[in-house]
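K.L.:
Please find one structure pasted underneath; my questions will follow.
The values are calculated or read from the model by the stated rules, or taken from the named source; none is laboratory data. None of the values given here were measured: they were computed from a predicted structure. Cβ atoms come from the backbone with ideal geometry, glycine included; neighbour counts cover every protein chain shown. Areas reflect the complete protein model, heavy atoms only, side chains present, ligands, DNA and RNA absent. Shrake-Rupley method; radii C 1.70, N 1.55, O 1.52, S 1.80 Å.
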Amino acid sequence: VLFRLEFEFSRTIFLKHLRVLLEASSDGEEVNTADNFNEIYYSLKYEGDILFTRDSIPTRYEIKSELSLEEPGVIGPPFNFTFQIQNLGYFPVRDLQLNIEIPEMTKNGNQLLQLFDFHIDQVR
């Protein structure tokens, strides 16, 4: 006997596992009835479909090797980063944490950049 089970899970009710019990019986005499029973158990996991993108204007930033051309204390043109996280899936994502490290100083202690503005726009 061959059969197929298809399950469609709710998008609003989350289950921790799926359990299917299979039992066969017959009118004949059974030597070992334990082989007529089977339990299938699966732990269920739900994946978040999260898209992370970044954009920068300008698309790259050049640091000149000749420091004598720059005036002391003057930092070049603005360099804007935009990071975006989108949930493309059906399931809500909670307690999401994003850590971004932006180096302000070089290893030798020279100032590489200054952060002038920081904005978070959170959409439900």
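K.L.:
Within the stretch 93-124, how many residues turn out to be open to solvent by less than 100 Å² (accessible area, probe 1.4 Å) and among the aliphatic types (A, V, I, L, M)?
P.N.:
6
K.L.:
Moving on to the next point. Which residues, counting only those in the stretch 21-54, are in a loop (DSSP other than H, G, I, E, B) and open to solvent by 100 Å² or more (accessible area, probe 1.4 Å)? Full working, then the answer.
P.N.:
Pass one, the stretch 21-54, residues in a loop (DSSP other than H, G, I, E, B): 24-32, 44-49.
Correct list: Ser25, Asp27, Glu29, Val31, Lys45, Glu47.
K.L.:
Output yes when any residue across the stretch 68-80 is in a loop (DSSP other than H, G, I, E, B), touching a Lys or Arg at 6+ places or on another chain (Cβ under 8 Å) and either among the hydrophobic types (A, V, I, L, M, F, W, C) or modelled with pLDDT under 80 (or both), and no when none is. Reasoning before the result, please.
P.N.:
Kept after step one, since they are in a loop (DSSP other than H, G, I, E, B), are these residues of the stretch 68-80: 70-79.
Subset that is touching a Lys or Arg at 6+ places or on another chain (Cβ under 8 Å): 70.
Checking which are either among the hydrophobic types (A, V, I, L, M, F, W, C) or modelled with pLDDT under 80 (or both) leaves us with 70.
Within the stretch 68-80 (the criterion being in a loop (DSSP other than H, G, I, E, B), touching a Lys or Arg at 6+ places or on another chain (Cβ under 8 Å) and either among the hydrophobic types (A, V, I, L, M, F, W, C) or modelled with pLDDT under 80 (or both)), the answer is yes, since at least one residue qualifies.
K.L.:
Report, ordered by the first and then the second residue, all pairs with beta carbons closer than 9 Å, sequence separation of six or more or different chains, a first member in the stretch 6-20 that is exposed (fewer than 10 other Cβ atoms within 10 Å of the Cβ), and a second member that is β-branched (Val, Ile, Thr) and modelled with pLDDT of 85 or more.
P.N.:
Hits for this filter: Arg19/Ile40.
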